[in-house]
Every structure is written in structure tokens, then in C-alpha cells.
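Here is the structure we will look at, set down as C-alpha cells.
Values quoted throughout were computed directly from the atomic coordinates according to the rules given, and no laboratory measurement underlies them. Please read all numbers here as calculations on a predicted model, not as lab measurements. A quick note on method: Cβ atoms are made from the backbone with ideal geometry, for glycine too, and the neighbour counts reach across all protein chains shown.
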Amino acid sequence: MNLDTLIPVAPNPNIPVISPGDTVKVSIKIVEGERVRTQMFQGVVIRVRKGNINANFTVRRIAYGVGVERTFFLHSPSVEKVEVLRHGQVHRANLYYLRGLTAKKARIKERRPKEERKEK
């Protein structure tokens, strides 16, 4: 018996379609005792795992010279919204090679919209 048959899965409407290489800003609800606050996490999507209830994506950023990765579930109610800042042009599904790169080498080229590509 599958877990998704027992629990109805509804996709979070505040999460757009994201792909590896995108730079995103994720807003998460953090509960501290009785207080609930929103925390932002901005970085590059290095992995997107699709599936029913276990669908998730991993975001990586550099904080004070240390690489930080965080995984978010697509169907989680604690994810308030995801804002896509840039679409990256990559040729791989999992960008694990970014873990070994720093500074300019870790930058990802921005994907141009289809309208710009047709003009040239």
C-alpha cells in the first residue's frame, strides 16, 4: 500500500515550476515556541526530485564562506512561497559539481528567453 493513497496530496500553489540551475528565494515558516516567523533562503537549485508525496528540491548557497544546502518538500505547508529570480542554463540534472567550485567558477550562465533566441 502506498502512502499517497492514504493521504490526499495537493501540490502547493505557491511553488512555480523550477529546474536545476535556477536561482530561487524560498520563504519558510519557522515555529519558535509560540511565535511563527518567516525565514528566507536564497540560492541555486542543485537537484529536483519528482514524485508523489516525496517530491523535493535542494537549494545551495554560500554563507560566510561555507556551503549550505537545504532540502524542501514540494507539498509541504511550511513552504510559504518560492520566487524564481533567474533561470540558469545547465546541461545536467544534478549540479553536484558546484560543491567543489567557489567564486566565479560556481556561477551559472543565465538562460535567455525564447523570443531573444529567435531574433538572432
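Brief remarks follow.
- Scanning region 13-42 for residues that are in contact (Cβ under 8 Å) with a residue 12 or more places away in the chain and on the phi > 0 side of the Ramachandran plot gives a single hit, GLY21.
- Boolean, TYR64 is farther than 28 Å from ILE7 by Cα, out of contact with any strand residue (DSSP E or B) (no Cβ under 6 Å at 6 or more places or on another chain) and either in contact (Cβ under 8 Å) with a residue 40 or more places away in the chain or of a type in the set (A, V, I, L, M) (or both): no
A quick yes/no check of all residues on (1) over 30 Å from LYS109 (Cα atoms); (2) small (Gly, Ala, Ser); (3) touching a Gly at 6+ places or on another chain (Cβ under 7 Å); (4) surrounded by 15 or more Cβ atoms within 10 Å (Cβ to Cβ):
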{"position": "ASN12", "(1), (2), (3), (4)": "no, no, no, yes"}
{"position": "ASP22", "(1), (2), (3), (4)": "no, no, yes, yes"}
{"position": "GLY33", "(1), (2), (3), (4)": "yes, yes, no, no"}
{"position": "VAL36", "(1), (2), (3), (4)": "yes, no, no, no"}
{"position": "PHE57", "(1), (2), (3), (4)": "no, no, no, yes"}
{"position": "VAL68", "(1), (2), (3), (4)": "no, no, no, no"}
{"position": "VAL90", "(1), (2), (3), (4)": "no, no, yes, yes"}
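- Consider region 71-80 and keep the residues that are in contact (Cβ under 8 Å) with a residue 40 or more places away in the chain and not aromatic (Phe, Trp, Tyr). The one that is surrounded by the most Cβ atoms within 10 Å (Cβ to Cβ) is LEU74.
- Filter result for ILE46 (under 12 Å from the mean Cα position of the chain (by Cα) and in a loop (DSSP other than H, G, I, E, B)): no
- For region 43-59, residues that are in contact (Cβ under 8 Å) with a residue 24 or more places away in the chain and among the charged types (D, E, K, R) total 1.
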